[in-house]
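The values are calculated or read from the model by the stated rules, or taken from the named source; none is laboratory data. Every value quoted in this text rests on a predicted model; they were computed, and no experiment measured them. Every residue, glycine as well, gets a Cβ built from its backbone with ideal geometry; the counts of neighbours run over all protein chains shown. Heads up: the accessible areas ignore ligands, DNA and RNA and are worked out on the full protein's heavy atoms, side chains in. Shrake-Rupley method; radii C 1.70, N 1.55, O 1.52, S 1.80 Å.
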Amino acid sequence: MSTDSALRYEAALKVTGSAVFEAEVPAAGMLHAALVEAPIGCGDVLSVDATPASALPGFVAMISYREADALQPSPATALIRERAIHFAGQPVALVTAGTWLEARSAARAVRIATQARPAVTGMAQAIDQSFAPAMVGRFPAESRRGDAATALAEASLVVRHQYVTAVNNHHPMEPHAVVCWWEGGKAVVHTSTQAIFGTRAMIAHAFRMPTADIRVFSRFLGGGFGCKGQLWWPWMFWAMLAAKRTGRPVRLELTRAQMFSLIGRRQQTVQDLALGFGADGRLTGIDHRVVAQTSTHADYSDATAVYSRWLYACPNVTTTHRLVRTNEPHPVPMRAPGTAPGTFALESAFDEAAERLGIDPVELRVRNFADHDQEAGRPWSSNGLLECYRIGAERFGWSARPARGAAIDGRWRIGWGMASTLYPAIRQACKVRVNLAADASLRVQCGTQDMGSGTYTVLGQMAATALGVSMSQVTVELGDSWLPEGPFSGGSQVTASMAPAVEMATARLRATLARMAVADDRSPLSGQRIEDLDFQDGMIRSRTGNVGELLTDVLARGAADGLEAAGESAATQLQSLAVTSMGYGAVFVEVGVDPELGEIRVRRVCGAFAAGRILNPRLAKSQYVGGLIGGIGMALHEMTVTDRASGRILGDTFADYLIPVHADVPEFDITMVDEEDPHLPGSVKGIGMLGTAGIQAAIANAVFDAIGKRVRSLPIRIEHVIG
Ligand code: MOS
């Protein structure tokens, strides 16, 4: 039976409100916690005095850096062990009280003495102290193949500009939260995390305890997008310290305003990009230099220019990354990290080159297609980009492209634009356990978490398909560190990581069942060849003998207590690969621009994506649409602003931080180009990040097509297009 496009496993639980999010976990005698925020953006804490707070109703205890002294030093504990203030709003203590409101009031009453130092509240202030990070994500920060400088000097056309992207914040619907308590010396932690096992490891390190004494739950998440990892840990540790000190469960939930400063951000970038072309429209040189913000307490860099090493054929490529420290919140990966800002620059410049060369933008990209990974000098495992251009252009109707500025609809100037997108396909280690009960119901277990993107569904679906049972017979258990260790949810890796492990576990079950059937003369399958057997519709069938037997009958005779099998897979070791694996896509956009009001509307989006085998087209489409909407937000709305005087985030509410709403979102036409990839287990590539990149440049290119204005900074706003 086909389980393609199985409905979302947890849909009914979520729409009926019966899915328990970790912040909702009840606990007897629970205390509520609130964070005390530093009033300065740079300096030291001299003292934290709870006296005025302790006089307020409900106050129970305060935890500050002094108690955190006991935690083992690591990057994850640095912010709560030290007196240094790195950014405005940095928590200096946590207060617990009987109710959430009492905790908030008590936190405000805590008296803090600080010694301020001058703060750096913008990149421009410290740009002369930029430095090169060692790595950008998994990649070297600098690269050089051929001689880009000479190629650019000799090119017939050079497009050289600066591109700027703003700080964005992740803002999952569900804020970060923890409900935690201690049982003897053991910790129970209910938290919203993209990395259950990373969380467990950091707790074990910080509290110097064995992982077996820690149980972390994260069964449902209301989104993550990259922010539910390490930057949350310090505040969670404080809640755990408070629970330890008071002997009571403690609940901490960040406020929406704190989601702007305490859990990471997409870093601001300033990118200098030069592309050189020959008269034939072939790329001869790329020089892509990125400067980006990091905090004063740690280094983080997106792999922003890295995608310029891969996307097109070009013999001469130089890329560099530099970081500037500011007293602002620390950046972390945010959906399509690196590739979203990086392709904004690259794909905007490509469009400009097409315009100046008089070559159609799609044709120019086809002409510069990279038929292998030129950076590593090895083949692609598969590459469907040309197919994406062809299908995307056809579905969009690109060949009927009107002359620039010619399409007008009332007050709207209509513009078309397109861009490419790409994202690496890699895997982490994963273990799963599959149990087939006597009634042929299936239980699939993995400790990984579901961010909301469909991990429950595809895990259940893969196991159900392999054993030929229906999804209604499948129970999936995730989000518990006592279950087999699974991947963190990041970098579009979870499905690809689980696939080989599920394949191994289910193959083991099938082998056992098949052996039981063919070796038993009471079975209709007795004497059949194992390699002729299929698992379908709750039965084992022989393809050649036209005989079959129900799984329940096989189990009743030989395994009345059911059968269990485990499977595991290893992480991708990038260095040792003989091929490079990427997902690709092409995004086509129609915008309307009202040049008098400065209003920009995305009217139509066609995306064609080639990302391996699609296990569940319904959920995959949902991922692409979600990513594209995020990309529209980055292109037209989202911008986190620091007040240069105080260092505080300005407008830390959803009234001020604009995100796309329904009225901003057009119809999406998504085509998924199915790929067989012999190098990837199950042909599975990730899709989550792929849809989030590319559309930013496609929108900017469409705005240019509509009104002839090239906007090289994101978000594109009224002031960029008006007049
Ligand atoms: Mo992600 S940005 O790897 O959640």
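Scanning segment 433-455 for residues that are open to solvent by 10 Å² or more (accessible area, probe 1.4 Å) and away from the ligand (no atom under 16 Å from the Cβ), which turns out nearest to residue 175 (Cα to Cα)?
Here the residue is 445.
Can you tell me which condition residue 423 does not meet? The list is (1) away from the ligand (no atom under 16 Å from the Cβ); (2) open to solvent by 10 Å² or more (accessible area, probe 1.4 Å), and all the others hold.
Residue 423 satisfies all of (1) away from the ligand (no atom under 16 Å from the Cβ); (2) open to solvent by 10 Å² or more (accessible area, probe 1.4 Å) except (1).
Of all residues in segment 557-571, which are within 24 Å of residue 524 (Cα to Cα) and not in a strand (DSSP E or B)?
The answer is 557, 558, 559, 560, 561, 562.
Quick one: in segment 217-271, which of the residues that are open to solvent by 10 Å² or more (accessible area, probe 1.4 Å) and aromatic (Phe, Trp, Tyr) is nearest to residue 638 (Cα to Cα)?
Among those residues, the one meeting the criterion is 225.
Checking the conditions here, which among 17, 41, 89 is touching a Ser or Thr at 6+ places or on another chain (Cβ under 9 Å) and either on the phi > 0 side of the Ramachandran plot or without any contact (Cβ under 8 Å) to a residue 12 or more places away in the chain (or both)? Before the answer, list the steps.
On the way: 17 fails: touching a Ser or Thr at 6+ places or on another chain (Cβ under 9 Å); 41 fails: either on the phi > 0 side of the Ramachandran plot or without any contact (Cβ under 8 Å) to a residue 12 or more places away in the chain (or both).
Going through 17, 41, 89 in turn, just one is touching a Ser or Thr at 6+ places or on another chain (Cβ under 9 Å) and either on the phi > 0 side of the Ramachandran plot or without any contact (Cβ under 8 Å) to a residue 12 or more places away in the chain (or both): 89.
Kindly provide the set of residues from segment 136-160 that are within 27 Å of residue 300 (Cα to Cα), modelled with pLDDT of 95 or more, in contact with a Ser or Thr (Cβ under 8 Å, 6 or more places away or on another chain) and open to solvent by 40 Å² or more (accessible area, probe 1.4 Å), ordered by number.
Those that are within 27 Å of residue 300 (Cα to Cα), modelled with pLDDT of 95 or more, in contact with a Ser or Thr (Cβ under 8 Å, 6 or more places away or on another chain) and open to solvent by 40 Å² or more (accessible area, probe 1.4 Å): 142, 144.
Restricting to segment 623-666, and then to whatever is in contact with a helix residue (DSSP H, G or I) (Cβ under 7 Å, 6 or more places away or on another chain) and assigned to a loop (DSSP other than H, G, I, E, B), can you tell me which residue is nearest to residue 172 (Cα to Cα)?
Filtering segment 623-666 for residues that are in contact with a helix residue (DSSP H, G or I) (Cβ under 7 Å, 6 or more places away or on another chain) and assigned to a loop (DSSP other than H, G, I, E, B), the one nearest to residue 172 (Cα to Cα) comes out as 659.
With the requirement that a residue be at pLDDT 95 or above and more than 10 Å from the ligand (Cβ to nearest atom), what does segment 221-230 give you?
221, 222
Name the residue that is farthest from residue 441 (Cα to Cα), counting only residues in segment 537-556 that are assigned to a strand (DSSP E or B) and aliphatic (A, V, I, L, M).
540
How many of the residues making up segment 301-343 are away from the ligand (no atom under 16 Å from the Cβ), hydrophobic (A, V, I, L, M, F, W, C) and touching a Ser or Thr at 6+ places or on another chain (Cβ under 8 Å)?
Within segment 301-343, residues that are away from the ligand (no atom under 16 Å from the Cβ), hydrophobic (A, V, I, L, M, F, W, C) and touching a Ser or Thr at 6+ places or on another chain (Cβ under 8 Å) number 7.
Please find, among 485, 477, the residue that is over 24 Å from residue 5 (Cβ atoms) and either more than 16 Å from the ligand (Cβ to nearest atom) or of a type in the set (A, V, I, L, M) (or both).
Details: 477 fails: over 24 Å from residue 5 (Cβ atoms).
Only one candidate passes the filter, namely 485.
Can you work out which of the residues in segment 595-618 that are outside any loop (DSSP other than H, G, I, E, B) and open to solvent by 10 Å² or more (accessible area, probe 1.4 Å) is farthest from residue 312 (Cα to Cα)?
Narrowing segment 595-618 to residues outside any loop (DSSP other than H, G, I, E, B): 599-610, 612, 617-618.
When the remaining residues are screened for being open to solvent by 10 Å² or more (accessible area, probe 1.4 Å), the result is 599-604, 617-618.
Working: 599: 33, 600: 30, 601: 30, 602: 27, 603: 29, 604: 26, 617: 28, 618: 31 Å.
Ranking the candidates gives 599 first.
Does residue 502 count as away from the ligand (no atom under 16 Å from the Cβ), under 16 Å from residue 6 (Cβ atoms) and in a loop (DSSP other than H, G, I, E, B)?
Numbers: away from the ligand (no atom under 16 Å from the Cβ): yes; under 16 Å from residue 6 (Cβ atoms): yes; in a loop (DSSP other than H, G, I, E, B): no.
Answer is no for this residue.
Checking residue 671 against (1) in contact with a strand residue (DSSP E or B) (Cβ under 6 Å, 6 or more places away or on another chain); (2) within 28 Å of residue 325 (Cβ to Cβ); (3) of a type in the set (S, T, N, Q): exactly one of these is not met. Which one?
(2) is the only condition that residue 671 fails.
Filter segment 84-105 down to the residues that are among the aliphatic types (A, V, I, L, M) and under 29 Å from residue 118 (Cα atoms), then identify the one that is nearest to the chain's Cα centre (by Cα). Let's see the steps before the verdict.
Taking segment 84-105 first, the residues among the aliphatic types (A, V, I, L, M) are 84-85, 88, 92-95, 97, 101, 103.
Imposing the further condition that a residue be under 29 Å from residue 118 (Cα atoms) reduces the set to 84-85, 88, 92-95.
Working: 84: 30, 85: 29, 88: 26, 92: 29, 93: 30, 94: 29, 95: 32 Å.
Ranking the candidates gives 88 first.
Name the pairs: first residue in segment 474-497 and modelled with pLDDT under 95, second residue away from the ligand (no atom under 15 Å from the Cβ) and in a helix (DSSP H, G or I), Cβ to Cβ under 6 Å, at least 6 apart or on different chains?
The qualifying pairs are 495/458.
Being surrounded by fewer than 19 Cβ atoms within 10 Å (Cβ to Cβ) and modelled with pLDDT of 95 or more narrows it down to one residue among 397, 417, 468; which is it?
On the way: 417 fails: surrounded by fewer than 19 Cβ atoms within 10 Å (Cβ to Cβ); 468 fails: surrounded by fewer than 19 Cβ atoms within 10 Å (Cβ to Cβ).
Result: 397 is the single residue among 397, 417, 468 that is surrounded by fewer than 19 Cβ atoms within 10 Å (Cβ to Cβ) and modelled with pLDDT of 95 or more.
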